[in-house]
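The values are calculated or read from the model by the stated rules, or taken from the named source; none is laboratory data. Because the structure is predicted, anything quoted here is derived from the model rather than measured. In this analysis, Cβ positions are derived from the backbone assuming ideal geometry, glycine residues included, and neighbour counts consider all displayed protein chains.
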Amino acid sequence: MTATPDQLAHRIGAPRLDIDPFSDDFLNNPYPYHEEIREAGPVVWLSPYGIWAVGRHEHVRAGLNDWQNFISSAGVGLANFRTEKPFRPPSLILEADPPQHTRSRTVLARILSPKMMQQVRDAFAEQAELLIDRLVEKGEIDAVKELAEVYPLKVFPDALGLADEGRENLLLYGNMVFNAFGPRNHIFQEAVTRYEPVREWIMNKCQREELRPGGFGDLIYQAADAGEITYDEAPMLVRSFLSAGVDTTVNGLGNAIFCLANHPEQYDKLVATPALARAAFEEALRYESSVQTFFRTVNQSLEFAGVSMQENDKVLFFLAAANRDPRQWKDPEVFDIERRPVGHMAFGSGIHGCVGQVVARLEGELILDALARKVKRIELIGQPVRRLNNTLRALDSLPVRFIPH
Ligand code: OVV
């Protein structure tokens, strides 16, 4: 009889923890568990799922940069696409290895380029200005429902070239996609139930006729016209924009405002120096990473940080744990907008590092800059409510008062 992976781990003496990283308890407050995983060793075995977990910055970065050994084409969630049916047809960029990944990435990286950001910046800035003015007028608001969800749902689909109608469906889609990287637990089941009615709408929006000429979506089809990708690949790459472009920035903004509301002395620094907006958003990404984890799959047996891993083993890389690793950061539990956290893992690392990070940073900068110039103080006026997600650090509600200058 062959040993199960669990017995093998026992035999080689890797630390084993009986932690479920997708339980309500873990997701409500992951940080004590992150510490436990980091302190147990560079690689630990999580018995409940029979997976490896990596929480130290050095090893998260090393693993993510080794795309030949830690592959993505077998899925970047718990499911192994070599043996299990993917929840949806695999993404041509996220769930792909070179050379497929390279072709997809080249097209999306050109569309989401710094040069393109210069072109959309004025439109994004105008919307940030309008929105914050409207919210200051209101005074008491839900910073998730009325700000963090509203802004990305306006500016990003505008840039993609999507019509206004039904955009809130993108939130249900993102929520489902990020839950699907975890197990089929109750959180996933609820997300699928809510997503099911909008499935057709989402798939329809990937078609060329639905995308304004010249927008990011149409530019993907233009790459197909030029022969860089096929016409079958184009709607799938639009789907990647719809999957990864909204819920991530919604929570990036929500988490950033949560951090600033909880650290008024840091918000005071931002008000005194609005030019810190970009740095403040970056520190919020380190401190409360919207995307907490991604899996990889071991391509062939190897040694990693002194541990033997077998072909097809799943490895869970904790971006958010790396971002608070005391081996990497001085006082990692301190939220400091002047820290300039270069090398944080919130956008991942290596060839799969977030291709949309220039968009995310633009949105974060513009919203925090408008806040700093228009809002003197942010007061928490109610209990923030979490939205549990198998992958995202997410809020459902953040009741605040904006006190104007
Ligand atoms: C980074 C990311 C998250 C979710 C979905 C996708 C990418 C995709 O390519 O579909």
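Residue-by-condition table, conditions (1) within 14 Å of the ligand (Cβ to nearest atom); (2) not in a helix (DSSP H, G or I):
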site: Leu78; (1), (2): no, yes
site: Lys85; (1), (2): no, yes
site: Arg103; (1), (2): yes, no
site: Ala123; (1), (2): no, no
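No other residue among Asn251, Asn262, Asn255 is more than 14 Å from the ligand (Cβ to nearest atom) and either crowded, with 22+ Cβ neighbours inside 10 Å or among the small types (Gly, Ala, Ser) (or both) apart from Asn255. Can we say Arg56 is more than 20 Å from the chain's Cα centre (by Cα), surrounded by 15 or more Cβ atoms within 10 Å (Cβ to Cβ) and within 22 Å of Ser308 (Cβ to Cβ)? No.
For the range 147-189, a tally of residues being assigned to a helix (DSSP H, G or I) and either more than 23 Å from Gln357 (Cα to Cα) or touching a strand residue (DSSP E or B) at 6+ places or on another chain (Cβ under 6 Å) (or both) returns 5.
Which ones in the range 304-322 are out of contact with any Leu (no Cβ under 8 Å at 6 or more places or on another chain) and under 20 Å from Val76 (Cα atoms)? Working first, answer last.
Our first condition is that a residue be out of contact with any Leu (no Cβ under 8 Å at 6 or more places or on another chain); within the range 304-322, this holds for 304-307, 311-313, 315, 318-322.
Selection gives Phe304, Glu311, Asn312, Asp313, Val315, Phe318, Leu319, Ala320, Ala321, Ala322.
Comparison of Arg212, Arg199 shows that the only residue that is modelled with pLDDT of 95 or more, surrounded by fewer than 16 Cβ atoms within 10 Å (Cβ to Cβ) and assigned to a loop (DSSP other than H, G, I, E, B) is Arg212.
Residues in the range 348-402 that are more than 15 Å from the ligand (Cβ to nearest atom), within 26 Å of Glu95 (Cβ to Cβ) and charged (D, E, K, R) were compared, and the one that is surrounded by the most Cβ atoms within 10 Å (Cβ to Cβ) is Glu363. Elements of the type helices (runs of 4 or more DSSP H) sitting completely within the range 241-352 and holding at least 3 residues that are at pLDDT 95 or above, more than 21 Å from the chain's Cα centre (by Cα) and not polar (S, T, N, Q): these cover 264-272.
Evaluated against (1) out of contact with any helix residue (DSSP H, G or I) (no Cβ under 6 Å at 6 or more places or on another chain); (2) within 30 Å of Val107 (Cβ to Cβ); (3) more than 15 Å from the ligand (Cβ to nearest atom); (4) not small (Gly, Ala, Ser), His405 falls short on exactly one condition, (2). Val192 meets the conditions (1) among the β-branched types (Val, Ile, Thr); (2) in contact with a Ser or Thr (Cβ under 8 Å, 6 or more places away or on another chain); (3) surrounded by fewer than 24 Cβ atoms within 10 Å (Cβ to Cβ) in every case but one. The failed one is (2).
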